[in-house]
1. Any residue in the range 6-27 that's assigned by TED's automatic domain parsing to the domain that holds Thr82: show its pairings with residues that are acidic (Asp, Glu) at Cβ separation under 8 Å, as long as the two are six or more apart or on different chains.
2. Within the group Lys148, Lys248, which residue is closer than 27 Å to Ser284 by Cα and of a type in the set (D, E, K, R)?
3. Is it the case that Arg317 is surrounded by fewer than 24 Cβ atoms within 10 Å (Cβ to Cβ) and either in a strand (DSSP E or B) or not aliphatic (A, V, I, L, M) (or both)?
4. Inside the range 27-50, can you point out the residues that are in contact with a Pro (Cβ under 8 Å, 6 or more places away or on another chain) and over 17 Å from Ser88 (Cα atoms)?
5. Taking Ser95 and the conditions (1) crowded, with 18+ Cβ neighbours inside 10 Å; (2) over 23 Å from Ala328 (Cα atoms); (3) small (Gly, Ala, Ser), which numbered condition does it fall short on, given that it satisfies the others?
6. Could you tell me which of the residues Gly146, Gly175, Gly153 is under 17 Å from Leu210 (Cβ atoms) and not basic (Lys, Arg)?
7. Of all strands (runs of 3 or more DSSP E) completely enclosed by the range 194-313, which ones contain at least 1 residues that are over 27 Å from Cys102 (Cα atoms), modelled with pLDDT of 95 or more and assigned by TED's automatic domain parsing to the domain that holds Gly53?
8. On the given criteria, is Ser185 crowded, with 18+ Cβ neighbours inside 10 Å and more than 13 Å from Cys252 (Cβ to Cβ)?
Amino acid sequence: MSLGSNTVFLMEDGTVRTVGANDYGQCGTGNTTNPQLSLYTPNISSIKQISCGYSNTVFLMEDGTVRTVGRNDYGQCGTGNTTNPQLSLYTPNISGVKQISCGVKHTVFLMEDGTVRTVGLNGNGECVTGNTTSPQLTLQTPNISGVKQISCGANYNVFLMEDGTVRTAGYNGNGQCGTGNTAESQLALYNPNISGVKQISCGGNHTVFLMEDGTVRTVGYNVYGQCGTGNISSAQLTLYTPNISGVKQISCGAYHTVFIMEDGTVRTVGYNGDGECGTGNTTSPQLTLHTPNISGVKQVTCGYYHTVFLMEDGTVRTVGNNNSGRCATGNTTNPQLTLYTPNISGVKLLFECILEEIIKYLIQDGTDIKTLGSTGLVNLGTTITEDLFLNNGFDDITIIKGTSDSIIPMADNGTVGTGKVYSATIPKNLFRSISGIDINNN
């Protein structure tokens, strides 16, 4: 699911459901009837990922192409013009896309080869052109490669690199690019002094890094304590380490931050004027880490002023601002202070401005070696080789050296052995996270 002023759910069958603000047709209804209070099913399928900007929606398809709809006043839908709104699903001239992320009025595409493409508003260099020429109506190719994950803030971008470092560009008036200053526009790609990063998430103007060790680092706008410092300041210019560990996933709203813990509970901090921190009230700011009364959470994503939790059973819970029906309550009663359970199930993933992708795995089924494709298990033959791993999602075969619960274990000397599936539960060590989503318990 992806959240902006509307909410979009990605279903197990590759279709989507939309609800909430639709003033620019961002719900894919083909009209601007607003709000969209009932769950709507746009005529689109085979979707891999979704990202919502302020009033537009971008869909990444299974074949690596994209579809866009909604607000397009800066060409953020990739149409090559500023015809606004874009009411019918549009197919920009781009393919080989791995991940998508939307800012307020710009869009960034991560390509399969680790490069990126950008389009839309560029007044602060958010399209990473090295200038502020805006709008950027043609797809731009910034001078960056080796990118693992992308996340867009309102008017800036953070890129997680393959080596666990990050690069930033765009609006920096609150230090959200990690430069240590508030120089307004960071036009050149900046390399903050941080490494060992597992996942990134951008709020409106603050940035949160999930580290490999389960701790977090924060920087940027902190007027509501969204950086987890326990106080408020106009800008947190140095990387801060909140007193929290055992974090599994992070998600930022405009001014609040939510952490999923390894045990399936959550912690929240920051702006709570609409109850988006799940406190049951609108006391704001929420300066101390709050623990909402919810568990069994698989994933979380934040909208501007609301929060949605994906549960282990494929249902969802919503809380916070609901003035356009974005909490899927079927009404505009606002705020939604208690956790609400919309009438929807079979939800596959929640998407915001982060990639949530599960790396492929290999299974030995009798004498056949299989991997998970878009339509189910795909047979790769019967011979186990190193290339079989390396060509099917494993960057390094050392990650699957033999343990008792490996599906296809490897010997310590690096030779490939044979093995069998021990249970229907996929062992933890068979997964790689290329984006920071910890799917060990899935």
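1. Gly14/Glu62
2. Lys248
3. Yes.
4. Leu39
5. Failed condition: (1).
6. Gly153
7. Numbers: elements: 197-202, 206-211, 216-222, 233-240, 247-252, 256-261, 266-270, 286-290, 297-302, 306-311.
Passing ranges, in order: 286-290.
8. On the way: crowded, with 18+ Cβ neighbours inside 10 Å: yes; more than 13 Å from Cys252 (Cβ to Cβ): yes.
Spelling it out, Ser185 is indeed crowded, with 18+ Cβ neighbours inside 10 Å and more than 13 Å from Cys252 (Cβ to Cβ).
The values are calculated or read from the model by the stated rules, or taken from the named source; none is laboratory data. Computed from a predicted structure; not experimentally measured. Neighbour counts run over all protein chains shown; Cβ positions are idealised from the backbone, glycine included.
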